[in-house]
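Undergrad: Here it is: the structure, laid out below.
The values are calculated or read from the model by the stated rules, or taken from the named source; none is laboratory data. As the structure is a computational prediction, the values presented were derived from the model and not from experiment. Positions of Cβ are generated from backbone atoms using ideal geometry, with glycine treated the same way; all protein chains shown enter the neighbour counts.
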């Protein structure tokens with residue numbers, strides 16, 4: 001039986017609901033209208049007109065040659081492209097290739113509202129930023145790092161790993177008759193350099209009788225901290241990031257030669273331009289007959305230019321993870337037209353990453369959400385103008401590695417057979 005008190009309560013509740021509808025609801029609506037346009041979208045970074053993506057790259061400082069080329073490549077790839085009638089807005093913030101600054105820049109981008117981080121630069125910077133991206137559920141797509149990160153968070157790597165680049169060269173040397181004990185490594189003392197050392201280790205581990213040497217390399221790889229003392233342990237020399245001092249790393253290799261009774265014939269480096277050139281120049285100054293290899297972050301015209309300053313014009317192999325800029329592949333022809341004189345390996349890679357991002361976004365079935373983007377990426381392989389990318393089995397899209405060799409002061413592409421022949 002309903003009492004008079006119950007009736008009054010019902011009347012009061014009805015009056016209150018009318019007040020909520022006329023007052024609070026209106027205020028809430030006005031608040032939403034005043035908010036940033038991406039704050040009420042299906043996912044951050046998506047509005048009815050744009051999709052905002054971001055990157056932290058070195059646009060200034062010692063490593064700006066990378067960042068500026070990457071920005072040019074991405075902007076060329078995204079120009080005029082739409083996804084479900086939305087333009088793509090690419091916001092790149094300078095991080096100087098510094099992990100602390102990269103985290104600050106990533107926080108700023110997340111605060112502004114981004115759908116994904118696309119084509120950021122560097123292994124140590126990526127390592128620092130990934131926990132923040134994971135916490136905010138921001139996908140990391142096509143970063144310029146071959147460290148092979150698998151987490152935390154959702155990571156889709158386009159480029160072949162540094163390990164794959166180094167392993168390709170070491171395998172070729174061993175196939176040509178080099179002894180496993182005649183191969184050494186020189187690396188930046190961080191996640192980038194150790195990524196290459198992992199490839200060095202993988203190649204040695206396939207060879208019989210190398211268990212003790214592999215154990216030494218494992219000891220080097222497993223040392224904790226940002227800049228542990230890795231010199232003087234095994235067939236690896238290291239240098240500190242942001243320095244070009246080659247002496248300690250060189251002495252580490254000479255110690256290994258003396259202790260093991262073996263001479264290095266190939267030194268697989270994982271460095272950036274200036275430190276790589278400084279090490280090669282120092283070793284040549286010391287009279288070493290070593291053959292050197294370099295992965296893609298220190299390859300191409302910039303490395304050739306620096307090596308010329310040291311009088312080095314041969315015995316250097318460099319790997320790349322995209323086709324040559326003079327390739328006839330459709331995506332390279334397109335990039336040449338779009339980038340003109342700005343086309344190089346770095347801008348080409350970024351151009352391909354940008355095209356890949358657009359292609360996956362256009363393949364989304366349903367609303368533009370991060371979840372649907374990841375589903376579309378993993379649903380099928382993609383062909384980007386002759387470059388095959390496949391995320392269906394893991395988060396590594398491409399394993400493509402192209403070897404080049406320094407001849408007459410410039411790097412030219414060589415076939416796997418020609419690469420093996422270079423060691424004989």
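Undergrad: Inside region 390-424, can you point out the residues that are assigned to a loop (DSSP other than H, G, I, E, B), more than 23 Å from the chain's Cα centre (by Cα) and exposed (fewer than 14 other Cβ atoms within 10 Å of the Cβ)?
TA: Correct list: 408, 409, 415, 424.
Undergrad: Also: Look through 56, 50 and report the one residue that is surrounded by fewer than 20 Cβ atoms within 10 Å (Cβ to Cβ), at negative phi and modelled with pLDDT of 95 or more.
TA: 50
Undergrad: From the list 380, 362, exactly one residue is surrounded by fewer than 13 Cβ atoms within 10 Å (Cβ to Cβ), under 21 Å from residue 140 (Cβ atoms), in contact (Cβ under 8 Å) with a residue 12 or more places away in the chain and touching a strand residue (DSSP E or B) at 6+ places or on another chain (Cβ under 6 Å). Which is it?
TA: Details: 380 fails: touching a strand residue (DSSP E or B) at 6+ places or on another chain (Cβ under 6 Å).
Of the residues listed, the single one that is surrounded by fewer than 13 Cβ atoms within 10 Å (Cβ to Cβ), under 21 Å from residue 140 (Cβ atoms), in contact (Cβ under 8 Å) with a residue 12 or more places away in the chain and touching a strand residue (DSSP E or B) at 6+ places or on another chain (Cβ under 6 Å) is 362.
Undergrad: Select from region 200-244 the residues that are in contact (Cβ under 8 Å) with a residue 40 or more places away in the chain and touching a strand residue (DSSP E or B) at 6+ places or on another chain (Cβ under 7 Å) and write down the one among them that is farthest from residue 170 (Cα to Cα).
TA: 241
Undergrad: If I go through region 238-260 residue by residue, how many of them are over 23 Å from the mean Cα position of the chain (by Cα), within 29 Å of residue 61 (Cβ to Cβ) and surrounded by 15 or more Cβ atoms within 10 Å (Cβ to Cβ)?
TA: The number of residues fulfilling the criteria is 5.
Undergrad: Just to check your reading of the model, which residue among 144, 97 is surrounded by 21 or more Cβ atoms within 10 Å (Cβ to Cβ), within 19 Å of the chain's Cα centre (by Cα) and at positive phi?
TA: Testing whether each residue is surrounded by 21 or more Cβ atoms within 10 Å (Cβ to Cβ), within 19 Å of the chain's Cα centre (by Cα) and at positive phi leaves just 97.
Undergrad: Taking the stated definitions as given, is residue 265 touching a helix residue (DSSP H, G or I) at 6+ places or on another chain (Cβ under 6 Å), surrounded by 16 or more Cβ atoms within 10 Å (Cβ to Cβ) and either within 20 Å of residue 62 (Cα to Cα) or touching a residue at least 12 places away in the same chain (Cβ under 8 Å) (or both)?
TA: Yes; evaluated as a whole, the condition is true for this residue.
Undergrad: Quick one: would you say residue 43 is within 18 Å of residue 362 (Cα to Cα), modelled with pLDDT under 95 and either within 22 Å of the chain's Cα centre (by Cα) or surrounded by 17 or more Cβ atoms within 10 Å (Cβ to Cβ) (or both)?
TA: Answer is yes for this residue.
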